[in-house]
Amino acid sequence: MKALVYRGPGLKAIEDRPKPEIQAPGDAIVKMTKTTICGTDLHILKGDVATCAPGRILGHEGVGVIDSVGAGVTAFKPGDHVLISCISACGKCEYCRRGMYSHCATGGWILGNEIDGTQAEYVRTPHADTSLYPIPNGADEEALVMLSDILPTGFECGVLNGKVAPGSTIAIVGSGPIGLAALLSAQFYSPAEIIMIDLDDNRLGLARQFGATQMINSADGKAAETVKTLTGGRGVDTAIEAVGVPATFLLCQDIVGPGGVIANIGVHGQKVDLHLERLWAENIAITTRLVDTVTTPMLLKTVQSKKIDPTRLITHHFTLEQILDAYDTFARAAETQALKVIIAA
């Protein structure tokens, strides 16, 4: 089968690989129909994710059709259409019992990281019964690809961890796909103001279409000053970091108000200064989280009921044979105006 393989920092290639086989009773082999590229894949290619070794097939998102299942799988059978969660969860270990699927003792974020992932014609998914979701008849598969990772990540790590509440003021630093996913799901809670901050006017324009109330281009270095002006000098109740670089986390420290929350979503590959010398008395909370995908069933219902339309995040389409072009397009988003790309396998 064809697959996109990580070959070390800055290196990737399309390779022929053997079709995966069942290795444990709870496994399923899924024939991929659609997958995508995540910002985390770019972090892997930069060398930011030490757990991902050269030779790994990348990708942790997508939908497909069950090809075969292990003897222990009871919820799925060959031919079933399924959504693949980016998090594999046994459902039985201490962390899974606490709803922290991301820290599952035998799972977590392993697809496209510690085991081969979804940017291929087939993928082996461990703990299939608790890591796959049936796709309803007539569902838009492309919309559901956004439920593998990006929507639950924006919602859980940004909105829920950020304690977004009715009437609150929030700022999302980064208007890329994950920031826009946080923007879409933040509106479940009717915040009074949603301020989007980015360097890209095109993405800020999309943020306005998606429901943001204020847009700030931070290229002039005055974003914090502007946020303070917009909030009467107080700062925001929730600052969501959705990029993963030191400058954006520092900006969140500058704009959060007393009693507020900094909710980190971004994948950080470098250390960041924490200014406790001025934050220690501000009653703020700083949260971190690897998505647990505990909200995927709820988000699936909201998509099915048309309360949220994740297809608005999709800008480009490619085939698996074109995946190197897809990576190039996704990595040059400022030039290509790419958000999420769909890759048909």
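The values are calculated or read from the model by the stated rules, or taken from the named source; none is laboratory data. Predicted, not measured: the structure shown is a model, and the values here were computed from it. Here Cβ is always computed from backbone atoms with ideal geometry, including for glycine, and neighbour counts include all displayed protein chains. Surface accessibility is based on the protein's heavy atoms, side chains included, excluding ligands, DNA and RNA. Shrake-Rupley method; radii C 1.70, N 1.55, O 1.52, S 1.80 Å.
Diffusion coefficient (Stokes-Einstein, Kirkwood radius over C-alpha pairs, 37 °C, 0.692 mPa s) for the range 161-285: 233 µm²/s, rounded to a whole number.
Across the range 1-87, the convex hull enclosing all Cα atoms gives 103 Å³ per residue.
Contact order normalised by length for the range 109-216, with contacts defined as Cα pairs under 8 Å and 6 or more residues apart; what percent is it? Contact order relative to length: 20 percent.
Roughly how many percent of the accessible protein surface of the range 1-93 is carbon and sulfur, given a 1.4 Å probe and a whole-percent answer?
Numbers: 2060 of 3740 Å².
Ligands and nucleic acids excluded, carbon and sulfur reach 55 percent.
Dividing the mean sequence gap of close Cα pairs (under 8 Å, 6+ apart) by how many residues the chain holds gives a relative contact order of 17 percent. Residue-wise HN-Hα couplings along the range 178-188, as the Karplus relation 6.51 cos²θ - 1.76 cosθ + 1.60 with θ = phi - 60° gives them from phi, are 6, x, 5, 5, 5, 4, 4, 7, 4, 6, 4 Hz; Gly and Pro carry x. Database remark: amide H of Gly176 closer than 5 angstrom to no amide H (H placed geometrically; neighbours at sequence offset of 5 or more, or on other chains; Pro and chain starts carry no H).
For the range 1-154, what is the accessible area per residue in Å², given a 1.4 Å probe and the full set of protein chains? Could the numbers behind the result be given before it?
Values: 5990 Å² over 154 residues.
About 39 Å² of surface per residue is accessible.
When Rg and the Kirkwood Rh are both derived from Cα coordinates, the Rg/Rh ratio for the chain amounts to 0.97. Coupling constants for the range 106-113 follow from the phi torsions by the Karplus curve (6.51 cos²θ - 1.76 cosθ + 1.60, θ = phi - 60°), and in residue order they are 10, x, x, 7, 10, 4, x, 9 Hz; glycine and proline get x.
Springs between Cα atoms under 10 Å define the GNM used for the chain, and in it the highest mean-square fluctuation of Arg97, Arg208, Arg312 occurs at Arg97.
Is the shape of the range 273-329 best called rounded, prolate or oblate, per the rule: a/c under 1.5 gives rounded, else a/b larger than b/c gives prolate, else oblate, with a ≥ b ≥ c the square roots of the Cα gyration tensor eigenvalues? Display every interim value, and only then the final one.
Values: a/c = 3.23, a/b = 1.61, b/c = 2.00.
In terms of gyration-tensor shape, oblate.
Computed in the context of the full set of protein chains, the accessible area of the range 216-345 at 1.4 Å probe radius has 52% of its extent on carbon or sulfur. With the simple spin-label model, which puts each label point 7 Å out from Cα in the Cβ direction, the His317 to Ala71 separation comes to 4.3 nm.
Could you report the range 291-345's accessible area per residue, 1.4 Å probe, as an integer in Å²? Let's see the in-between values first.
Working: 2560 Å² over 55 residues.
Solvent-accessible surface per residue comes out at 46 Å².
A 1.4 Å probe run over the range 175-214, with the rest of the protein chains in place, finds 36 Å² accessible per residue.
With just the Cα atoms defining each centre, how far is the range 4-43 from the range 102-153? Give it in Å. Taking the Cα centre of the range 102-153 as reference, the centre of the range 4-43 is 11 Å away.
Based on alpha-carbon atoms, the Kirkwood radius and the radius of gyration of the range 59-112 give Rg/Rh equal to 1.00.
Give the calculated FRET efficiency between Thr288 and Ala192 to the nearest 0.05, with a Förster radius of 30 Å applied to their Cβ-Cβ distance.
Efficiency for this residue pair is about 0.70.
May I ask for the percentage of alpha-carbon pairs in the range 1-156 that lie more than 24 Å from each other? Mind showing how you got there, number by number?
On the way: 3417 of 12090 pairs.
Value for the range 1-156 (Cα pairs over 24 Å): 28 percent.
Taking amide H positions as modeled 1.01 Å from N, with prolines and chain starts lacking one, the residues under 5 Å from Val261 and 5 or more places away or on another chain are Thr238, Ala239, Ala285.
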